[in-house]
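*Asks:* My questions will all concern the structure given below.
The values are calculated or read from the model by the stated rules, or taken from the named source; none is laboratory data. In this text, all values refer to a predicted model and were calculated from it rather than measured experimentally. Virtual Cβ from ideal backbone geometry, glycine too; neighbours counted across all protein chains shown. Just so you know, the surface numbers come from the protein's heavy atoms only, side chains and all, with ligands and any DNA or RNA stripped out. Shrake-Rupley method; radii C 1.70, N 1.55, O 1.52, S 1.80 Å.
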Amino acid sequence: MVDLLSHRHRIRTIQLEDDLTVLTSLQAEADITADDRARAVTRATDLVHKIREDADPGLMEVFLAEYGLSTKEGVALMCLAEALLRVPDADTMDALIEDKIAPSAWGSHLGKSSSSLVNASTWALMLTGKVLQDGEGMAAVLRGAIKRLGEPVIRVAVSRAMKELGAQFVLGETIDKAIARGAKRAAQGYTFSYDMLGEAALTAHDADSFHDAYRDAIARLAPHATSDDIRNNPGISIKLSALHPRYESAQRDRVMEELVPRLRGLVHQAKAANMGLNVDAEEADRLDISLDVIEAVLRDPDLAGWDGFGVVVQAYGKRAGPTLDWLHDLAVSLDRRSMVRVVKGAYWDTEIKHAQVLGLQGFPVFSRKAATDMSYLCCARKLLGMTDRIYPQFATHNAHSVAAILEMADDPTAFEFQRLHGMGEALHDVVLAGNATRCRISAPVGAHRDLLAYLVRRLLENGANSSFVNQIVDKTVPAEVVAADPFPAAMAPDANAVVALPAEIYGAERQNSKGWNVQDPRDQEAIAEARAPWATHHWTAAPMLALP
Ligand code: FAD
């Protein structure tokens, strides 16, 4: 029995529930047994050994091995990359580079990495650091001269170094270049999904440019979508925030009126090309409105017969389970098939901070890494039971997540794995070679000026030493630990005590004040209800001091 409204209601009410409550219900539904989990660990441990022994690690892995966020230099680089994005003038840029680069011990990383690119960056950073450092005597005078003469050079060099690094994670500046550069991987059996770089549109003009870029990209990809089976064709990922400058729940009417026709136009173009079009998952506040937009577009009867509409669901979000139920039942009610890419989620730090700043009742995301890993597997199990209507796309670079899915799946052709370009290469090569499963590479495309924001997201995501990509390169972490079962840690009794809840950020000193989230439809309703008695009241306002 299809009941879309009750799924939507559940999605709203579960949003800020505590981690253990949500995990308990996910576990009960998924019913992943201790045996299933033990088999997944054995398979994952084997994969970790294979990746460490047989294959070349990817650049992200190599870079993090040298500059993870647990080193002072890694943090300096992260801050620098993040801050350079926002620095408007050369003087501030110089001061920033001096502040971040000079005090770090770059020399200790020299020649340590197996990658020449990473070693070259270390040389550049070390020399820059030496020039910028204060000292005494003649050497200091000389350094002072070089510093004065050299600052613009250093600025350019550091900016270039950051861009070079970022460029490794972008497949091409244009779709055509990206297709050409991906040819070798395509010959190996990989398919591609293209992702236009760039952040949310801030103005209508930005949104128009992104819209044009998406239209152009689909037109360029269309001739390459040559298979009758859409799963073998290239696809494209779309960010709804790029298509509308006020894509937010509080602007629902405007969004439905202006964004829906825009997305519908792109979707029709993708349908005509028989390629997949995927709606990315963004900040938690946008989830509710995204479902309204998706439903409005999918209800178009002209889309019947096309299986390429894709939606991304974030497993770190407490609402992932009911969102999958809603997507499945929507496909049933429309008699369609769709695609669902399940990811862990790329905005974790932002979500936690945002909930604390607003003083919400809880977090929309899990507060422990193991909880996200467990939720990911429960979502995977759910999706594997929905293949009558949904083509699951499991986007992960984590060998345990991959192994557990392979253990749970009966038919390796009923789903695909996905990875980001420049990451998880060794793992996916092993999976592609050893199983009948499809693997797709999500490939960012764009100009160098849009690179840094993307690079910062990747560094933040992978720099944490809890991240899989970070652990795989650190051979002091035993394979059994890298491939550990996340369930026990996720369900540990103190699971909620890791990150301070929004109400508790001041500790024993005082309780944080309770806030409102004007993007949450439940808070919007409560505010509207409280205002209702005053709807017909005539307000008059006048200055209290300077009376006329
Ligand atoms: P792992 O190292 O196993 O997991 C890292 C993830 O764990 C973090 O990213 C975070 O989600 C989670 N995590 C880390 N610390 C904690 C903590 N303390 N508590 C709870 N959770 C924690 N992301 C989006 O948000 N939207 C998208 O549309 C999107 N599209 C993608 C498409 C593709 C093809 C791919 C490969 C990735 C996409 N991503 C997207 C990014 C994705 O969310 C990250 O790559 C992914 O989270 C990394 O997970 P992993 O399994 O590879 O690594």
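*Asks:* With a cut-off of 8 Å between alpha carbons and a minimum separation of six or more residues, what is the relative contact order of segment 399-548 in percent?
*Replies:* 14 percent
*Asks:* How high is the relative contact order of segment 176-266, in percent, with contacts defined as C-alpha pairs under 8 Å that are six or more residues apart?
*Replies:* Reported relative contact order: 34 percent.
*Asks:* Once ligands and nucleic acids are excluded and a 1.4 Å probe is used, how much of ASP410 is accessible, expressed in Å² to the nearest 10?
*Replies:* About 150 Å², ignoring ligands and nucleic acids.
*Asks:* I'd like the Kirkwood hydrodynamic radius of segment 221-319, using the inverse of the mean 1/r over distinct C-alpha pairs, in Å.
*Replies:* One decimal place: 14.1 Å for the Kirkwood radius.
*Asks:* While we're here: Too long at a 26 Å Cα-Cα cut-off: which of LYS239/LYS318; LYS50/LYS353; LYS177/LYS475; LYS382/LYS514?
*Replies:* On the way: LYS239/LYS318 21 Å; LYS50/LYS353 38 Å; LYS177/LYS475 36 Å; LYS382/LYS514 35 Å.
Over 26 Å apart, Cα to Cα: LYS50/LYS353; LYS177/LYS475; LYS382/LYS514.
*Asks:* State, to one decimal in nm, how far the label point of ASP229 lies from the label point of ALA447, with both points 7 Å from Cα in the Cβ direction.
*Replies:* So the two model labels end up 4.0 nm from each other.
*Asks:* Here's another thing I want to ask about it. In square nanometres and to one decimal, what's the mean projected area of the convex hull around the Cα atoms of segment 493-543?
*Replies:* For the Cα atoms of segment 493-543, the hull's average projected area reads 7.2 nm².
*Asks:* Please compute, for the alpha-carbon atoms of segment 455-548, the extent along each of the three principal axes and give them in descending order in Å.
*Replies:* For segment 455-548, the Cα spread along each principal axis is 76, 34, 31 Å.
*Asks:* Mind checking the per residue accessible area of segment 342-500 for me, 1.4 Å probe, whole number of Å²?
*Replies:* Ligands and nucleic acids excluded, the figure is 33 Å² per residue.
*Asks:* If you keep only loop residues by DSSP, which trypsin sites (Lys or Arg not before Pro) in segment 476-525 have at most 13 other Cβ atoms within 10 Å of their Cβ?
*Replies:* On the way: sites: ARG510, LYS514, ARG522; in loops: ARG510, LYS514.
Answer by residue number: ARG510, LYS514.
*Asks:* Follow-up question, since we're still on this one. Per the Kirkwood formula on distinct C-alpha pairs, the Rh of segment 261-326 is how many angstrom?
*Replies:* Here the Kirkwood hydrodynamic radius works out to 12.7 Å.
*Asks:* Something else now. Any chance you could run the full-extension gain for ALA530 through TRP516? It's 0.36 nm times the residue separation minus the Cα-Cα distance, nm to one decimal. Display every interim value, and only then the final one.
*Replies:* Numbers: separation 14, 0.36 × 14 = 5.04 nm, distance 1.31 nm.
Full extension of this stretch gives 3.7 nm more.
*Asks:* Using DSSP to define loop residues, name the chymotrypsin sites (Phe, Trp or Tyr not before Pro) in segment 452-521 whose beta-carbon has at most 16 other beta-carbon atoms within 10 Å.
*Replies:* Values: sites: TYR454, PHE468, TYR506, TRP516; in loops: TYR506, TRP516.
For chymotrypsin sites (Phe, Trp or Tyr not before Pro) across segment 452-521 that sit outside H, G, I, E and B with at most 16 neighbouring Cβ atoms in 10 Å, the list reads TYR506, TRP516.
*Asks:* Simple spin-label model, 7 Å along Cα-to-Cβ: LEU4 to GLU29 in nm?
*Replies:* 1.8 nm
*Asks:* List the relative contact order of segment 207-355 as a percent without decimals, with contacts defined as Cα pairs under 8 Å and 6+ residues apart.
*Replies:* Dividing the mean separation by the residue count of segment 207-355 yields 22 percent.
*Asks:* Check each of the GluC sites (Glu not before Pro) in segment 489-526 and keep only those in coil by DSSP with at most 15 other C-beta atoms within 10 angstrom; list them in order.
*Replies:* On the way: sites: GLU504, GLU509, GLU525; in loops: GLU509.
Here the GluC sites (Glu not before Pro) that fit, given the DSSP loop and packing criteria, are GLU509.
*Asks:* Could you list, bin by bin from short to long, the percent of Cα-Cα pairs of segment 340-438 in 10 Å steps?
*Replies:* The distribution over segment 340-438 is 14, 43, 28, 13, 3, given as percents.
*Asks:* Pull out the extension gain between TYR506 and MET256, defined as 0.36 nm times the separation in residues minus the alpha carbon to alpha carbon distance; nm, one decimal. Show your work: numbers first, answer last.
*Replies:* Working: separation 250, 0.36 × 250 = 90.00 nm, distance 3.98 nm.
Contour length minus Cα-Cα distance gives 86.0 nm.
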